[in-house]
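The structure under discussion appears below in the form of structure tokens.
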Amino acid sequence: INRIQESTLVTLLLDSKPLSVLCQVGDFGCGDGGWTPVMKIDGNKRTFHYSSSYWTDKNEYNSPGGETGFDENEMKLPTYWNTSFSRICLGMKIDQQLRFIVVNKQADSLYSLIANGKYRETSLGRNTWKEMVGANTSLQKNCNKEGFNVVCQATDSPKARIGIVSNQQNDCNTCNSRIGFGTGGKPDDSNTCGNEANLNPDNGVKHIKAMGYILVQ
């Protein structure tokens, strides 16, 4: 894929079956090289809520969505469970504005990082996660637990399959804010991708639902 010079449809052979995907090339926000699409998540829909079995199974969802780039069509490709990588590109589209961040993480697949529910830490820092949302983003000041399968201790607290959770108290018990993909819990359990913030966050109370994009390299 790294030899392709522009974004183009390529055919991947996954599980001995051909899959046509739009390989994103050039620096659209995650640096150069070829990026393979994995998932697209609509924060207004429950398809990829934190509790959805799509995070823990090897079932695809709307695979033709892998050919259509950064649009509104949700999808999960077989690349979720059978594509290894050293970097993850995460993007959010809010009010037609698209912003990206990169997670340097080596793994056999995204499935291997997420499916068993075990917390796996990243160290991007809260400001990097906020950059993906833009100027309206808001988080509480403390906790700032980030990575994969991020959950605070209280049962109804915010959670994210990929993202960050924060709290106004200096612990990770009863968090009230989050930025992430595959989210759930308070303040708004219906927001499955985007930014939720309540109880003294740094930029006001926010309920921002995003269109999310996950690619790997």
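What follows draws every value from the coordinates through simple rules; no lab data is involved. Computed from a prediction, not measured in an experiment: that's the story for all the values here. Every residue, glycine among them, receives a Cβ derived from its backbone with ideal geometry; neighbour counts consider all protein chains shown.
Grab the Cα-Cα distance for GLN169 and SER190, subtract it from 0.36 nm times how many residues apart they are, and report the gain in nm with one decimal.
Numbers: separation 21, 0.36 × 21 = 7.56 nm, distance 2.42 nm.
This chain segment gains 5.1 nm when fully extended.
Arranged by the count of other C-beta atoms within 10 angstrom, fewest first, what order do LEU139, LEU14, LEU90 take? Intermediate values should be presented prior to the final figure.
Values: LEU139 28, LEU14 16, LEU90 23.
Ascending Cβ contact count within 10 Å gives the list LEU14, LEU90, LEU139.
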For segment 127-217, the fraction of alpha-carbon pairs in successive 10 Å shells from zero, as %
21, 59, 18, 2
Just to be sure I understand: if I project the alpha-carbon convex hull of the chain onto a plane and average over all orientations, what area do I get in nm²?
10.5
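Output the pairs from LYS141/LYS186; LYS45/LYS145; LYS58/LYS209; LYS76/LYS130; LYS105/LYS145; LYS159/LYS206 with a Cα-Cα distance over 19 Å in this structure; if there are none, say none. Please list the in-between numbers first.
Values: LYS141/LYS186 17 Å; LYS45/LYS145 25 Å; LYS58/LYS209 26 Å; LYS76/LYS130 25 Å; LYS105/LYS145 17 Å; LYS159/LYS206 16 Å.
Listed pairs above 19 Å: LYS45/LYS145; LYS58/LYS209; LYS76/LYS130.
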Place a +1 charge on the Cβ of each Lys and Arg in segment 74-217 and a -1 charge on the Cβ of each Asp and Glu, then give the dipole magnitude about the Cα centre in debye, rounded to the nearest 20.
200
From a point 7 Å beyond the Cα of LYS141 in the direction of its Cβ, which residues of segment 179-200 have a backbone N at a distance under 12 Å?
200
What's the FRET efficiency of GLU72 with SER20 using the Cβ-Cβ distance as r and R₀ = 22 Å, to the nearest 0.05?
0.70
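DSSP loop (so not H, G, I, E, B), at most 11 other Cβ within 10 Å: list which trypsin sites (Lys or Arg not before Pro) in segment 73-173 pass both filters.
Numbers: sites: LYS76, ARG87, LYS93, ARG99, LYS105, LYS118, ARG120, ARG126, LYS130, LYS141, LYS145, LYS159, ARG161; in loops: LYS118, LYS141.
Answer by residue number: LYS118.
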Taking the dipole of segment 105-199 about the Cα centre (Lys, Arg +1; Asp, Glu -1; charges at Cβ), the one of SER112, ASN195, THR174 that reaches farthest to the positive side is SER112
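Rounded to the nearest 20 Debye, what is the dipole magnitude of segment 1-68 about its Cα centre when Lys and Arg each give +1 and Asp and Glu each give -1 at the C-beta? Don't jump to the answer; show the numbers that get you there.
Details: 6 positive and 8 negative charges, 45 e Å.
Computed about the Cα centre, the dipole is about 220 debye.
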Please get the size of the charge dipole for segment 125-198, origin at its Cα centre, with Cβ charges of +1 on Lys and Arg and -1 on Asp and Glu, quoted in debye to the nearest 20.
140
